[in-house]
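The next block holds one structure in the form of structure tokens; read it before the comments.
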Amino acid sequence: MSYGLIRYQHRKSALHRLHPLTKLLLVGCFIVAAYIAPLTIRLGLFTLLVCASFVAKVFSTVARAAVIALLPLGIGLVVIRGLIFNAGGILFQIGPIVIFESGVRSGLQFFSILSVFVGAGLLFITVTHPRRLATALYEVGIPYKLSYVFVTALQLVPTLQERAVQIRDAQRSRGLDTSGSIRGRIRGLVALLTPLTIGALITTQTRSLALEARGFSISGPRSSIHGVTASRADWATRGLAVGGVTGMILWSVL
Amino acid sequence: MSTGVTESLITRIQKEFTTQTWVLLPIGIAISLVAAYAVNAVRVPFLYLDALGVIIIAILIGPWAAAVAGLFVNIAQGFIVNPTFWFYTPLQILFGLAAGYMAITGWFRNIQKIVVVGLVIAVISIVAGAPITVLAFGGVTGTGSDAVTGFFAATGANVWEAVIGQTIVVEPIDKITSAVLAALIVKRVPARYRPSTAAPVFSGEDKSDE
């Protein structure tokens, strides 16, 4: 039961070196552009993302995660929109079920939007260390306690997953059936989640004490081992991204 | 009058955010994520349980802490699984607020009331989730629920009708199960480990009356 599909990939590249907020801004601009730009520009943006993932040496990780995320979305879009959007022209028919050509085209159009969105998001995740992102957010005024929640939650997931596997194996060894009927599977789920959650909740008092011992509640500025500073390249990238997306918005409005 | 209400709201929010709350929040978020994965592994149809941790926080602490947990559930899920979850972030915040307010007003006291909590969360999911699915994702979610959307589409429904129909079928099952499961789990947490802010669960008492 290992679900850790995507994670930060430590490499040395220009993209990794960019300030986390520059990368966050880029993701935002790519998402806005994906929804407002015509298909040709969207394909250009997608190609840019592919090239960037090669430059950042994370192509295989991004491609694998993108296929897992996009395949069910793509199939769903083509089938569902193919069934719904009828502007003439039947692509194929099985009994009463008709798939329309215009619907499939509309599904593929939407798929191109989601490809840019998912691609930009995955690239951002693989080249941005969550701790550096949290530090960057704290430096622009986001409370450090929120950063703590975000980073700790990401760290806790693999630990809880491991614990879930141990509990599942222990329950199975005592005869619990997690396959078969729906009822049996739900019973298995409850038997897994209850001790997992209770075990995690019981650790909170110890964790609270440990945090207090480190001055968690003390007010005042914090320092971080992960120093993040915006370079000239960051400011140039930010200007280019905002300028590009503003131009695209004006072009689509006028 | 309005100043008094604002002050009481601020006091309520401040009361919720103790060090123990800040420790519980990442645990609640991680529980939501691991529950969503576990349910995926045992392949139970129409069950996602990604609101489980948020509802647990809502019962244990209150609406505002649950809203913060909700904010981070989908952000973290986007970081671990895929970024499409980011768009659904407002939903989890609303789940947290609704479940939290219902918890402090005694809606987790018995199974009938818990089912109502599940239904309220399901209604929020239908009203706020369907527009996100249609406008941002073209009507699909990339999950098994798309088969239900496909069924409605094949019967002649338009994209809005198909998505709303799908959420009406799927969401009550998932959200009622999540609310009941969250209450059962909180009930089994030993009393000395429960925060002082915890709402009564299966107790027959109403905290709002205290």
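The values are calculated or read from the model by the stated rules, or taken from the named source; none is laboratory data. Only a predicted model underlies this, so the values are computations on that prediction, with no experimental measurement involved. A quick note on method: Cβ atoms are made from the backbone with ideal geometry, for glycine too, and the neighbour counts reach across all protein chains shown.
Just to check your reading of the model, which residue among A:I182, A:I97 is touching a Pro at 6+ places or on another chain (Cβ under 8 Å) and facing another protein chain (nearest Cβ under 10 Å)?
A:I182
Checking A:R174 against (1) crowded, with 19+ Cβ neighbours inside 10 Å; (2) over 28 Å from A:I6 (Cα atoms); (3) basic (K, R): exactly one of these is not met. Which one?
With (1) crowded, with 19+ Cβ neighbours inside 10 Å; (2) over 28 Å from A:I6 (Cα atoms); (3) basic (K, R) applied to A:R174, the lone miss is (1).
Sort out which residues of the stretch B:167-203 are crowded, with 19+ Cβ neighbours inside 10 Å, at the interface with chain A (Cβ under 10 Å from one of its Cβ atoms) and assigned to a helix (DSSP H, G or I), and write them in order of number.
Listed by number, the residues that qualify are B:T177, B:L181, B:A182, B:I185, B:V186.
Those residues that are within 30 Å of the chain's Cα centre (by Cα), among the hydroxyl-bearing types (S, T, Y) and in a loop (DSSP other than H, G, I, E, B), I need them from the stretch A:201-254; list them, please.
A:T203, A:S223, A:S224, A:T229, A:S231
How about the stretch A:211-254: which of its residues are surrounded by 12 or more Cβ atoms within 10 Å (Cβ to Cβ) and of a type in the set (A, V, I, L, M)?
A:L211, A:V228, A:A230, A:A233, A:L240, A:A241, A:V242, A:V245, A:M248, A:I249
Name the one entry in A:V157, A:V151 that is farther than 23 Å from B:I176 by Cα, within 7 Å of chain B (Cβ to nearest Cβ) and of a type in the set (V, I, T). Working first, answer last.
On the way: A:V151 fails: within 7 Å of chain B (Cβ to nearest Cβ).
It is A:V157.
Considering only the stretch A:78-102, how many residues are without any contact (Cβ under 8 Å) to a residue 12 or more places away in the chain and on the phi < 0 side of the Ramachandran plot? Even if it seems obvious, please write down each step before you answer.
The first filter runs over the stretch A:78-102 and keeps only residues without any contact (Cβ under 8 Å) to a residue 12 or more places away in the chain, leaving A:90, A:92-96.
Right, trim to on the phi < 0 side of the Ramachandran plot and you get A:90, A:92-94, A:96.
Matching residues across the stretch A:78-102 total 5.
Quickly run through the stretch A:157-171 and pick out the residues that are free of Cβ contacts under 8 Å to residues at least 40 places away in the same chain and either exposed (fewer than 15 other Cβ atoms within 10 Å of the Cβ) or hydrophobic (A, V, I, L, M, F, W, C) (or both). Spell out how you get there, then give the answer.
Of all residues in the stretch A:157-171, those free of Cβ contacts under 8 Å to residues at least 40 places away in the same chain come to A:159, A:162-163, A:166-167, A:169-171.
Hits for the stretch A:157-171 are A:T159, A:E162, A:Q166, A:I167, A:D169, A:A170.
Return the total of residues in the stretch B:36-55 being more than 9 Å from the chain's Cα centre (by Cα) and touching a residue at least 24 places away in the same chain (Cβ under 8 Å). So that I can check it myself, show each step before the final result.
As a first pass, look at the stretch B:36-55 and keep what is more than 9 Å from the chain's Cα centre (by Cα): B:36-48.
Now drop any that are not touching a residue at least 24 places away in the same chain (Cβ under 8 Å), which leaves B:36, B:45-48.
Of the residues in that region, 5 qualify.
What is the one condition in (1) within 14 Å of chain A (Cβ to nearest Cβ); (2) more than 20 Å from B:N74 (Cα to Cα); (3) touching a residue at least 24 places away in the same chain (Cβ under 8 Å); (4) surrounded by 21 or more Cβ atoms within 10 Å (Cβ to Cβ) that B:G150 does not satisfy?
Every condition holds for B:G150 apart from (3).
Mind counting the residues in the stretch B:67-114 that are within 30 Å of A:R64 (Cβ to Cβ) and within 12 Å of another protein chain (Cβ to nearest Cβ)?
Quick first cut of the stretch B:67-114, residues within 30 Å of A:R64 (Cβ to Cβ) only: B:69-92.
Those still in the list that are within 12 Å of another protein chain (Cβ to nearest Cβ) too: B:69-87.
Residues in the stretch B:67-114 being within 30 Å of A:R64 (Cβ to Cβ) and within 12 Å of another protein chain (Cβ to nearest Cβ): 19 in total.
What number of residues within the stretch A:159-181 are touching a Lys or Arg at 6+ places or on another chain (Cβ under 9 Å) and of a type outside the set (S, T, Y)?
Residues meeting the conditions: 2.
Hey, among the residues in the stretch A:52-94 that are of a type in the set (S, T, N, Q) and loosely packed, with under 15 Cβ neighbours inside 10 Å, which one's farthest from the other protein chains (Cβ to nearest Cβ)? Walk me through it before giving the result.
First pass over the stretch A:52-94, keeping only residues of a type in the set (S, T, N, Q): A:53, A:60-61, A:86, A:93.
Still in the running and loosely packed, with under 15 Cβ neighbours inside 10 Å: A:60, A:86, A:93.
Details: A:S60: 16, A:N86: 10, A:Q93: 12 Å.
That would be A:S60.
Sort out which residues of the stretch A:160-179 are of a type in the set (A, V, I, L, M) and facing chain B (nearest Cβ under 7 Å), and write them in order of number.
Going residue by residue through the stretch A:160-179, those that are of a type in the set (A, V, I, L, M) are A:160, A:164-165, A:167, A:170, A:176.
Within the stretch A:160-179, A:L160, A:A164 meet the criteria.
I need every pair where a residue in the stretch B:89-102 that is touching a residue at least 24 places away in the same chain (Cβ under 8 Å) and farther than 13 Å from B:I126 by Cα has its Cβ under 9 Å from the Cβ of a residue that is among the aromatic types (F, W, Y) and in a helix (DSSP H, G or I), sequence separation at least 6 or different chains.
B:G96/B:W64; B:L97/B:W64; B:G100/B:W64
If you take the residues of the stretch B:153-162 that are part of a helix (DSSP H, G or I) and facing chain A (nearest Cβ under 9 Å), which of them is farthest from B:R43 (Cα to Cα)?
In the first step, residues of the stretch B:153-162 are kept if they are part of a helix (DSSP H, G or I); the result is B:153-154, B:159-162.
Cutting the leftovers down to facing chain A (nearest Cβ under 9 Å) gives us B:153-154, B:159, B:162.
Details: B:A153: 24, B:A154: 25, B:V159: 27, B:A162: 23 Å.
Ranking the candidates gives B:V159 first.
Among A:V78, A:V50, A:V32, which is of a type outside the set (K, R), under 22 Å from A:I249 (Cβ atoms) and outside the structural domain of A:L193 (by TED's automatic domain parsing)? So that I can check it myself, show each step before the final result.
Working: A:V78 fails: under 22 Å from A:I249 (Cβ atoms); A:V50 fails: under 22 Å from A:I249 (Cβ atoms).
Within the list A:V78, A:V50, A:V32, the selection yields A:V32.
Please indicate, with yes or no, whether at least one residue in the stretch A:127-146 is closer than 21 Å to B:I185 by Cβ, modelled with pLDDT of 80 or more and facing chain B (nearest Cβ under 9 Å). Reasoning before the result, please.
We begin by selecting, within the stretch A:127-146, every residue closer than 21 Å to B:I185 by Cβ; these are none.
Within the stretch A:127-146, not a single residue is closer than 21 Å to B:I185 by Cβ, modelled with pLDDT of 80 or more and facing chain B (nearest Cβ under 9 Å).
On the basis of being surrounded by 24 or more Cβ atoms within 10 Å (Cβ to Cβ) and either part of a helix (DSSP H, G or I) or in contact (Cβ under 8 Å) with a residue 60 or more places away in the chain (or both), does B:I13 make the cut?
Details: surrounded by 24 or more Cβ atoms within 10 Å (Cβ to Cβ): no; either part of a helix (DSSP H, G or I) or in contact (Cβ under 8 Å) with a residue 60 or more places away in the chain (or both): yes.
No, not satisfied.
Quick one: would you say A:Q205 is surrounded by fewer than 17 Cβ atoms within 10 Å (Cβ to Cβ) and either out of contact with any Leu (no Cβ under 7 Å at 6 or more places or on another chain) or within 30 Å of B:F137 (Cα to Cα) (or both)? Can you show your working first?
Working: surrounded by fewer than 17 Cβ atoms within 10 Å (Cβ to Cβ): yes; either out of contact with any Leu (no Cβ under 7 Å at 6 or more places or on another chain) or within 30 Å of B:F137 (Cα to Cα) (or both): yes.
Yes.
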